[in-house]
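Q: Dropping a structure here in structure tokens format, bear with me for questions.
The values are calculated or read from the model by the stated rules, or taken from the named source; none is laboratory data. Worth saying up front: this structure is predicted, and the values here are computed from it rather than measured. Cβ atoms come from the backbone with ideal geometry, glycine included; neighbour counts cover every protein chain shown.
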Amino acid sequence: MFQGKNVVITGGAHGIGLAIREAFEKEGAKCFVIDIAPGDHYTGDISDPGVLEAFSRHVLAQAGKIDCLVNNAPPIMRGIDECSYDEFMSAMKVGVAAPFYLAKLFMNAFAPGASIINISSSRDRMSQKQTESYTAAKGGIHALTHALAVSLSGRVRVNSISPGWIDTEYREYEGPDAYQQPAGRVGNPMDIANMVLFLASDKAGFITGENIAIDGGMTKLMIYHADHGWTLE
């Protein structure tokens, strides 16, 4: 499906990003990965605009054109009690500024039918305590998605995915951990990778500016005190 296509993935060394890379490569795509962790990819900190500029030059020197950009690298999660200003701004740089800047750097290199896929989170619409840096960044990339979709209309489709609980070790859960999701299980990275491939394909040619929650229905399950045996403490 993606034979001869060039795909850029941030945070592609492990977890969801690795699953996305492997899924694209299985379909014949050439993947260009940047991650802060060392490995068989471009290593660098995407909070640094100089790194992004060097990475874009590296990609374009080899690829010439880009068919899909997947902004997956996760920001840090710190809460208001402990999060410093610099840590909060670091989360914004990784989670929002880097996706924006990469879209800008590659703007003139996107091939016809190209797409950008941003990985947000179900935390873009709901929160736990002490998660402000991560939650704000994920809300930001959700909003950036529809802004870019409008600005790049007719040139690049831009969509985002909001994963819920995804176990990157592919563990299976039973009991409340599983059935708190109406789908009856915890998610795994392939649940996200499969949607990324669909959104990058011609089958999704009429979808842009959209956010798709992949959370097993968890954000749709209304819970009141004492529902399903759960109590608010």
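Let's see how each residue does on (1) more than 17 Å from I116 (Cα to Cα); (2) surrounded by 22 or more Cβ atoms within 10 Å (Cβ to Cβ); (3) in contact with an Asp or Glu (Cβ under 6 Å, 6 or more places away or on another chain):
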| residue | (1), (2), (3) |
| --- | --- |
| I9 | no, yes, no |
| H14 | yes, no, no |
| E22 | yes, no, no |
| D35 | yes, yes, no |
| P38 | yes, no, no |
| P49 | yes, no, no |
| A54 | yes, no, no |
| Q62 | yes, no, no |
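Q: Among the numbered criteria (1) more than 14 Å from the chain's Cα centre (by Cα); (2) part of a loop (DSSP other than H, G, I, E, B); (3) surrounded by 14 or more Cβ atoms within 10 Å (Cβ to Cβ); (4) among the small types (G, A, S), which one does G28 miss?
A: Every listed condition holds for G28 apart from (3).
Q: Residue pairs, Cβ under 7 Å, 6 or more apart or interchain, first in region 207-233 and within 19 Å of R125 (Cβ to Cβ), second modelled with pLDDT under 80. List them.
A: From residues that are within 19 Å of R125 (Cβ to Cβ), the pairs are I223/W230.
Q: Take region 162-195 and flag every residue that is more than 19 Å from R123 (Cβ to Cβ), aliphatic (A, V, I, L, M) and modelled with pLDDT of 95 or more.
A: Within region 162-195, M190, A193 meet the criteria.
Q: Among the residues of region 153-171, is any surrounded by 15 or more Cβ atoms within 10 Å (Cβ to Cβ) and of a type in the set (D, E)?
A: yes
Q: In region 79-133, which residues are under 19 Å from S56 (Cβ atoms), of a type in the set (S, T, N, Q) and surrounded by 19 or more Cβ atoms within 10 Å (Cβ to Cβ)?
A: Hits for region 79-133 are S115, N118.
Q: Can you find even one residue in region 191-209 that is in contact with a strand residue (DSSP E or B) (Cβ under 8 Å, 6 or more places away or on another chain), of a type in the set (D, E, K, R) and either more than 15 Å from L69 (Cα to Cα) or assigned to a helix (DSSP H, G or I) (or both)?
A: yes
Q: On the given criteria, is E82 acidic (D, E), in a helix (DSSP H, G or I) and modelled with pLDDT of 95 or more?
A: Criteria not met by E82.
Q: Go through S162, S201 for me and flag whichever is of a type in the set (S, T, N, Q), closer than 26 Å to R21 by Cβ, in contact (Cβ under 8 Å) with a residue 40 or more places away in the chain and in contact with an Asp or Glu (Cβ under 6 Å, 6 or more places away or on another chain).
A: One residue alone meets the criteria, S162.
Q: Same structure, new question: Of (1) of a type outside the set (V, I, T); (2) at pLDDT below 95; (3) in a strand (DSSP E or B), M1 satisfies all except one. Which?
A: (3)
Q: While we're looking at this one, here's another question. Would you tally the residues in region 48-89 being more than 21 Å from the chain's Cα centre (by Cα) and touching a residue at least 60 places away in the same chain (Cβ under 8 Å)?
A: Residues in region 48-89 being more than 21 Å from the chain's Cα centre (by Cα) and touching a residue at least 60 places away in the same chain (Cβ under 8 Å): 0 in total.
Q: All but one of (1) within 21 Å of T145 (Cα to Cα); (2) surrounded by fewer than 17 Cβ atoms within 10 Å (Cβ to Cβ) hold for H58; which doesn't?
A: Failing condition for H58: (1).
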